[in-house]
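Novice: Below is the structure I would like to discuss, written out as C-alpha cells.
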Amino acid sequence: MNFITAIDRYIFRLVLMPMLAIFVLAASLLVLDKMLRLFDFVATEGGPVGVVFKMLANLLPEYASLAIPLGLMLGILLAFRKLSISSELDVMRAVGLSYTRLLRVPEGDSAVVSSRVGATLDQRDNSFVPTDGWYAALGVEWARSVLSEEQEDGTTPLMHILKLTGTLNGYVPIDEVVIALQVRAGYIIPLQDGQTTFANRQFFLGGVDTLRGFNQDQLQPQDVADVIDPETTSTAIFRGSQFFYLLRAELRFPIYEAFHGAIFTDLGNHWAEPSTIVIDESFVRPTAGAGLRIVTPVGPLAIDVGFNLLQREALGEPLAAFHFSLGVF
C-alpha cells in the first residue's frame, strides 16, 4: 500500500530538522526579548514575577505564528540546497521525478503571443481568512504560438486556443465554525485544426490547491489513465488536460488562539480530450482529509493531509499526501 513514497519521506526529513531548529531559535529569541523587557518592568515598578510567565504564555501562540513560516521557508531552502549540492535533484530529474513537470514547453525555442481578460467580484469579509460572503472570478485567454522548433518526431507544434476558467467561492459562518465551498472549472477550445495545446497552458489536478489526496499535479487525465500501460509508460511524468472540474468543501473551526482545525473533501477530475468524457464510476475522483491552520501576519499557514479514497496503485497514485501552504481558498 503506497501511503507515502520513500522520496517524499526523505525530503520531509531533510526539511523537518532545519525547520524545527529555526523554529525553536526564532521563538526563543522572541520570548527572551519580551521576557527581559517584562522582568525589567517588574523590577522597576514592583510586582509578582509570576505575572511575567503568565504574559509570556499568552504570547506564545502569536510568537509561534511568526516562527513557523520562517522555519518552514528556511527549512525548505536548506533542504533543497543540500539536494542541489549533492546532485540528487539531477538524479530525480533523470528518472522523471520532481521538478521536470515544471518544464512544460516544447523542446527548443518557442514563442507565444497571448491576451487575457478577467473579471472578479469579491464580497468576502476578509481576503486572507474569509468567514462570510462569496467570491467569483472568470477568465478568458487567447494564445497562439508564432515560433516553435521541429521536434524529434519531425513535427512542429502549433498552438491556437481560447482558454476559459471560472471560480466561485462561498463562506457560511455558523457561530465560530465556517463552512467554505468552492466550485472551479476550465475548458480549452482549439481554434485551429491540428493544433497542440502546450503543457504550460493545460490544466493539472492534484496538490494543495486542487485535490489534496494527490501530490502536486499528480492526477493523470481520466482518458489517459484508462489506456495507459504502467509497465511501458512512466507514470512519474504528469500530463495536463483540456477540461477539468473541481468541487471543494472545508469545515473550519477554532482550536486555541491562532490555531484552527479543518476537515475537508475535494472532488474532481480532468480529461485530455473532452470528447471522451463518460459519466460513470470514474467520473469523480474523491479525496478527503484534515488539516491545521495557524494564523500569521501574512496569512494562514495550512498543514494538510489528504487521502485518496479511490487509489489506483498501478498508476503510482499515493494513498495519502501531505501539504504545506500559505493561504486558504
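The values are calculated or read from the model by the stated rules, or taken from the named source; none is laboratory data. Note that the structure is a prediction, hence the values are computed from the model and not measured. Because the Cβ atoms are built from the backbone with ideal geometry, glycine has one as well, and the counts that use them run over all protein chains shown.
Novice: Looking at (1) more than 19 Å from PHE204 (Cα to Cα); (2) within 16 Å of the chain's Cα centre (by Cα); (3) part of a loop (DSSP other than H, G, I, E, B), which one does PHE329 not meet, given that it meets all the others?
Specialist: (1)
Here's the yes/no breakdown for (1) surrounded by fewer than 13 Cβ atoms within 10 Å (Cβ to Cβ); (2) modelled with pLDDT under 80; (3) within 30 Å of PRO173 (Cα to Cα):
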| position | (1), (2), (3) |
| --- | --- |
| LEU32 | yes, yes, no |
| LEU36 | yes, yes, no |
| PHE39 | yes, yes, no |
| GLY46 | yes, yes, no |
| TYR63 | no, yes, yes |
| MET73 | no, yes, no |
| SER127 | yes, no, yes |
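Novice: Now for a separate question. Within the stretch 184-195, how many residues turn out to be surrounded by 20 or more Cβ atoms within 10 Å (Cβ to Cβ) and at pLDDT below 95?
Specialist: Counting residues in the stretch 184-195 that are surrounded by 20 or more Cβ atoms within 10 Å (Cβ to Cβ) and at pLDDT below 95 gives 0.
Novice: Okay, moving on. Pick out the one residue from VAL224, VAL177 that is within 23 Å of PHE329 (Cβ to Cβ) and of a type in the set (A, V, I, L, M, F, W, C).
Specialist: VAL177 is the lone residue from the list that is within 23 Å of PHE329 (Cβ to Cβ) and of a type in the set (A, V, I, L, M, F, W, C).
Novice: Do you know which residues across the stretch 145-176 are β-branched (Val, Ile, Thr) and under 19 Å from TYR135 (Cα atoms)?
Specialist: Those that are β-branched (Val, Ile, Thr) and under 19 Å from TYR135 (Cα atoms): THR165, THR167, VAL172, ILE174.
Novice: How many of the residues in the stretch 129-142 are over 29 Å from LEU162 (Cα atoms), surrounded by 14 or more Cβ atoms within 10 Å (Cβ to Cβ) and modelled with pLDDT of 90 or more?
Specialist: Restricting attention to the stretch 129-142, the residues satisfying the condition of being over 29 Å from LEU162 (Cα atoms) are 129-133.
Narrowing further to those that are surrounded by 14 or more Cβ atoms within 10 Å (Cβ to Cβ): 129-131, 133.
Checking the rest, the ones that are also modelled with pLDDT of 90 or more come to 130-131, 133.
The qualifying residues number 3.
Novice: Could you tell me how many of the residues in the stretch 117-159 are part of a strand (DSSP E or B) and among the hydroxyl-bearing types (Ser, Thr, Tyr)? Before you say what the answer is, go through the steps one by one.
Specialist: Taking the stretch 117-159 first, the residues part of a strand (DSSP E or B) are 117-122, 133-148.
Those left that are additionally among the hydroxyl-bearing types (Ser, Thr, Tyr): 120, 135, 145, 148.
Here the count works out to 4.
Novice: When you check PHE253 against the structure, is it touching a helix residue (DSSP H, G or I) at 6+ places or on another chain (Cβ under 7 Å) and not β-branched (Val, Ile, Thr), yes or no?
Specialist: No, not satisfied.
Novice: So, PRO318, is that one within 21 Å of the chain's Cα centre (by Cα), in a loop (DSSP other than H, G, I, E, B) and surrounded by 15 or more Cβ atoms within 10 Å (Cβ to Cβ) or not? If you could, list the steps in order and put the result at the bottom.
Specialist: Working: within 21 Å of the chain's Cα centre (by Cα): yes; in a loop (DSSP other than H, G, I, E, B): yes; surrounded by 15 or more Cβ atoms within 10 Å (Cβ to Cβ): yes.
So PRO318 passes the test.
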